[in-house]
1. Most exposed first by the Cβ proxy, i.e. fewest other Cβ within 10 Å, how do 152, 97, 173 rank?
2. Can you tell me the order of 116-127, 155-166 when each peptide is scored by its average per-residue count of other Cβ atoms within 10 angstrom, highest first?
3. Which FRET efficiency, nearest 0.05, do residue 115 and residue 26 yield, Cβ-Cβ r, R0 25 Å?
4. If you average the sequence gap of Cα pairs under 8 Å that are 6 or more apart and divide by the length of the range 94-134, what percent do you get for the contact order?
Amino acid sequence: MIRYNKTKALVLTIFFFTNFTINAQTITVAGGNLVVPITPITEAGMDYIGSYDSNTNLITISGSLPGSFLNLLTGGVAAVISLQYIPTSWNNSLHLYARRSGGIASIVGLCVLCSASVNNGTNYVEIPQSINTQFFTINFTGTLGIGNSISYSGINVQLRINGISVTVPVNNYNATIVFTVGAP
């Protein structure tokens, strides 16, 4: 029997930044880096699960959408939160995914029969490289008055990395995840 003894360590560091597509709306991204320690390989074909998940609340997103931005939109969709990653040191065999849990959205100011909610993004969405893809939406109903806005908070994000195998060289891999607030 041939045994394959090799210790493989992969450290993935993700940096978080925000991007704004229209002035005045805000998004705040708080959290830490995703570090994925890989269990040492003791035999060929064993000890790999190939997919690693972060804590469910690795990242927390919050922010606000002013009424001037909301009045430009139609159909009840207030905003689309998109994401992408920009590689610093990366192997294209590795794939990043994100999903959200929780989150609240509320109308700030006087608004009759208005509501706001955080929708979609509860299943893993693959994060593409350098191309924005829709992650979740913040929807509202009603007619906003002067000085109204939507506040959102408590949106927890979990990351997943797939593609880890013996064919991916041992290295420290880094990428930046960019979150964008924009119109649908």
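1. Values: 152 26, 97 16, 173 20.
Fewest to most other Cβ atoms nearby, the residues stand as 97, 173, 152.
2. Details: 116-127: 16.8, 155-166: 18.8.
Packing proxy ranking, top to bottom: 155-166, 116-127.
3. Details: r = 21 Å, r/R0 = 0.83.
According to the calculation, E is roughly 0.75.
4. Details: 36 pairs, mean separation 20.8, N = 41.
Reported as a whole number, the value is 51 percent.
No lab work stands behind these numbers, since they all come straight from the coordinates. These numbers come from a predicted model, not from an experiment. So basically every Cβ, Gly included, is an ideal-geometry build from the backbone, and we count neighbours across all protein chains shown.
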